[in-house]
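Inspection log for the structure reproduced underneath, given as structure tokens.
Any read-out appearing in this document is the output of simple, stated calculations on the displayed coordinates, not a laboratory observation. The shown structure was predicted, so the numbers you read here are calculated from the model rather than taken from an experiment. Every residue, glycine as well, gets a Cβ built from its backbone with ideal geometry; the counts of neighbours run over all protein chains shown.
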Amino acid sequence: MDYIKKFLGAKATITSSKWGFLTMEAASFTPAVDGDLIVHLGKPLEQNEPLVRIHSECLFGDVFHSTFCDCGRQLEMALDRMHHEGNGLLFYLRFDGRGAGLAAKVSATALEVAGTDTYESRMAIGVPPEGRDFTGIARYLQGKGIHKIRLLTNNPQKSEDLSRNGIEVDVIPLLIESPDEDVRRLYRTKALKFHHSIPRSCT
Ligand SMILES: [Zn+2]
């Protein structure tokens, strides 16, 4: 906790070869001992209704380009859109495996490769299929005087966690165009068992 307290709010601006200047802010929204990240592109906090993405870390998708999920591609699409607009706020949360953690995710993925869906795989290894909470994001936004956002998401839990905590949310869907069979299968599970808003054409 001291570690987080010491570095919370630290900022550094890096230059991304893809998305230009990105200001990285140290934050803490998850149980991760070394904290989370808020990525500012442009001046999102000065916008009326900033474009926001709440991304949960997915090492397999974000770093290793797993075809099994859409996480890495969603991250890229969100940053592409922010870059295009010139402004955006990305919360990079250390919720790998939807909060189950990396080791549990490896275990769940072994079952998924063998055909189990991403809900049942979590049940089988004894971790909650959905273990995330997004209310801390609402507190951060409120603290910055932001009460209305445009949120890139298919997950109603995110907009509900924010709305319940005083943030007005306009939802913008974030879907892979013509997904392949692995992602279609994931979308079917997300629509059926996690109640994500995913059009039938994508499943
Ligand atoms: Zn993923």
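Worth pointing out:
- Paramagnetic reach from residue 67 (point 7 Å along Cα→Cβ, amide N under 19 Å) across segment 100-121: 109-118
- Placing +1 on the Cβ of every Lys and Arg and -1 on the Cβ of every Asp and Glu, with no other charges, gives the chain a dipole of roughly 300 debye about its Cα centre.
- Extension gain from residue 195 to residue 59, taking 0.36 nm per residue of separation minus the Cα-Cα distance: 46.6 nm
- Report summary: the helix-based calculation at 222 nm, which adds -39500 (n - 2.57) for every DSSP H run with n ≥ 4 and divides by the residues of the chain, gives -10500 deg cm²/dmol.
- Paired Rg and Dmax values of segment 59-155, which use every Cα atom, in angstrom: 15.6, 47
- Of all aspartates and glutamates in the structure, those lying under 18 Å Cα to Cα from residue 5, and not within fewer than 8 positions of it along the same chain, are 25, 34, 36.
- For segment 123-203, a simple Cβ point-charge model (Lys and Arg +1, Asp and Glu -1, everything else neutral) yields a dipole of about 140 debye relative to the Cα centre.
- Efficiency of FRET from Cβ geometry, residue 46 and residue 15, R₀ 22 Å, rounded to 0.05: 0.60
- Segment 14-58 pair-distance distribution - Cα-Cα, 5 Å bins, rounded %: 5, 17, 23, 27, 18, 9, 1
- Extent of the chain along its three principal axes (Cα atoms, max minus min coordinate, largest first): 46, 41, 37 Å.
- Size-normalised alpha-carbon gyration radius of segment 1-94, reference 2.2 N^0.38 Å: 1.10
- Amide proton proximity set for residue 148, modelled H, under 5 Å, gap of 5+: 168
- Three-way shape label, segment 127-203, alpha-carbon gyration tensor, a/c 1.5: prolate
- Axial C-alpha extent at least 15 Å, average Kyte-Doolittle at least 0.5 - helices from the chain (DSSP): 102-113
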